[in-house]
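Structure first, then comments.
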Amino acid sequence: MRSNILAFAIGIGLLQMQASLPALSPLAGVVLAALVLLWLGRRQPRVARVIAAVACTLAGFLWATVLAEHRLRDQLPSDWEGRDVQVVGVVASLPHGFERGERFAFDVEAVETPGARLPRRIMLSWYHGWLEDEWRDGLAIRPAERWRFTVRLKRPHGNANPHGFDYEARLFERGLRATGYVRPRAVAQRLDDFVARPAYVIERLRDRLRRSFSEALGDAPYAGVLVALAVGDQQAIPAEQWRLFRQTGVIHLMSISGLHVTMVAALFAAVIGWLWRRGESLMLLVPAQKAAIAAGWLAAFVYAMIAGFSVPTQRTLYMLTVVALALWSGRNLGASRSLLLALLPVLLLDPWAVLAPGFWLSFAAVGLLFFVGTARVGVARGWRSALANWGTTQWAVTIGTLPLLLFMFQQFSLVSPPANAVAIPLVSFVITPLALLFAVIPWPLLLSIAHWLLSGLMAFLAWLAVWPVWEQPAPPLAATLLALFGVIWLLLPRGFPARWLGLCLLLPALLSRAERPAAGEAWVDVLDVGQGLAVIVRT
């Protein structure tokens with residue numbers, strides 16, 4: 001089963017690397033032929049395993065092709081780019097404010113302009129211009145509202161810098177097939193204050209929580225971080241703070257990550273399990289262990305919904321679901337099987353997740369923790385053992401994600417281990433629970449304590465940020481794969497001979513240099529200068 005899931009994932013990844021979609025009919029015929037060969041060779045185990053792996057690879061390729069074909073059909077016709085279109089729809093996401101404007105996802109319900117055809121979901125910007133604040137507040141939009149707009153759209157476009165952020169792929173992954181803006185001189189009309197659909201209800205709840213945080217914190221410098229930890233609104237964090245998080249290697253903690261979802265599930269499971277054991281009738285109804293498992297999963301599900309059900313929270317929720325079902329049934333699936341069973345629903349529901357760096361980093365981090373934390377003999381107990389295990393975990397995650405960070409972001413924070421050693425327990429077990437507790441019990445003192453602790457953490461991170469960041473060109477793919485193999489070799493259990501050879505396998509990735517362009521080609525250097533970007537084109 002594990003090899004088949006990996007083969008299915010490889011097939012999905014291969015599709016994302018293609019320049020164009022293949023024809024569906026021949027591909028479906030190849031998959032059908034592979035299944036027939038699998039049935040014919042079922043009596044020969046070795047042959048059947050090989051054919052099954054090939055069939056699963058082709059099935060993953062076919063599945064990703066079908067979903068991509070379906071999404072590509074939902075696009076804006078080129079004839080309607082840059083033309084005014086009147087639409088009716090629902091605000092489908094939290095509006096993100098910028099200077100003199102707001103940006104939000106909009107679900108199109110009806111197109112009132114004759115002959116026009118639009119995608120089902122678009123990204124709109126509403127520029128308020130230099131209008132009076134009172135008039136702007138009167139037209140403030142909220143999720144789940146139905147509006148009539150006159151919009152002007154275009155197909156998604158993004159910069160094509162190598163190893164840079166692919167904005168067009170990001171919009172495609174989120175199902176946003178056109179971008180545009182609300183025409184400023186046209187009449188914008190609110191038709192309904194609230195559209196009662198499950199997804200819109202969740203977005204309205206997130207908006208209400210975000211407003212309550214803003215009212216309690218006001219202009220506090222780190223209010224955006226607390227909002228991001230509670231409802232997943234990462235746009236509330238200023239760019240300078242993101243830069244500080246990136247320089248110190250704690251950027252994964254300043255949004256709702258798998259660690260936070262797991263922490264909430266464990267906290268609720270412990271509380272419900274403790275309370276359940278106090279009731280004899282409850283114990284006779286359902287064992288306390290199973291009640292704790294159900295409570296932990298339900299808490300993780302609610303938290304993931306409040307967070308907007310982003311891709312990182314989806315991955316964690318699927319993994320917790322697999323573990324919860326295994327514990328409920330009394331079975332031990334093992335680390336690798338649990339990880340792969342969590343991978344399968346992610347790829348089935350969102351095959352474009354492989355395009356996100358967080359997909360690879362999160363699964364790699366969990367896999368490394370499983371690798372260094374399981375199948376160890378003679379585990380000791382006590383505070384020294386706990387401290388040694390914590391150090392091993394930090395070392396494994398730091399050295400294990402190094403090749404991926406260099407390949408995806410071309411940099412690595414040298415102060416990441418001490419920064420995470422302080423930030424992980426403080427953010428996960430103190431600051432985030434206080435922010436979530438305020439969402440349930442709106443007591444401003446809770447946020448004041450959380451913000452005070454966060455201020456101390458930010459001061460510590462600012463002190464660490466003076467140290468340099470390892471920066472280099474992205475290593476070749478072959479060097480990255482070799483470095484990953486070196487990481488696995490280096491993290492083998494103590495006593496395994498020649499573990500130091502893993503460091504030698506890391507050297508090609510660490511010592512890579514940028515390749516000079518061939519004659520007639522050009523390269524682009526993007527330099528971060530202040531608040532903007534300086535682009536240098538060399539020929």
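Rounded to a whole number, what % of the accessible area of segment 164-252 do carbon and sulfur atoms account for, probe 1.4 Å? All intermediate terms of the calculation are to be shown ahead of the outcome.
Details: 2300 of 4630 Å².
Of the solvent-accessible surface of segment 164-252, carbon and sulfur hold 50 percent.
When the chain is fully extended, how far beyond the present Cα-Cα distance does LEU501 get from ARG197, taking 0.36 nm per residue of separation?
Numbers: separation 304, 0.36 × 304 = 109.44 nm, distance 5.68 nm.
Using 0.36 nm per residue and subtracting the Cα-Cα distance, I get 103.8 nm.
Each pair of Cα atoms in segment 208-316 enters the Kirkwood radius, and Stokes-Einstein at 20 °C and 1.002 mPa s then converts it into a translational diffusion coefficient of 138 µm²/s. Extension gain, LEU492-ARG190: 0.36 nm per intervening residue step, less the Cα-Cα distance, totals 102.6 nm.
To the nearest µm²/s, what D does Stokes-Einstein give for segment 396-488 at 20 °C and 1.002 mPa s, using the Kirkwood radius over alpha carbon pairs as Rh?
On the way: Rh = 15.5 Å.
Answer from the Stokes-Einstein relation: 138 µm²/s.
Sparsely packed loop sites in segment 50-110 (the GluC sites (Glu not before Pro) outside DSSP H, G, I, E and B with at most 14 other Cβ atoms within 10 Å) comprise GLU81, GLU99. The listed residues TRP63, TRP463, TRP395, once ranked by accessible area (1.4 Å probe) with the largest placed first, stand as TRP463, TRP395, TRP63.
Just to verify a number: FRET efficiency for LEU344 and GLN75, C-beta to C-beta distance, R0 = 30 Å, to 0.05? If you can, show how the numbers build up before the last one.
Values: r = 29 Å, r/R0 = 0.96.
The value I calculate is 0.55.
Fraction of C-alpha pairs exceeding 15 angstrom in segment 262-370: 66 percent, rounded to a whole number. The mean sequence distance of close C-alpha pairs (under 8 Å, at least 6 residues apart), as a share of the length of segment 152-254, puts its relative contact order at 15 percent.
The values are calculated or read from the model by the stated rules, or taken from the named source; none is laboratory data. Just so it is clear, the model here is predicted, and its values are computed rather than measured. FYI the Cβ positions are ideal-geometry reconstructions off the backbone, even for glycines, and counts take in every protein chain you see. Protein only, heavy atoms only, side chains kept; ligands, DNA and RNA dropped before computing areas. Shrake-Rupley method; radii C 1.70, N 1.55, O 1.52, S 1.80 Å.
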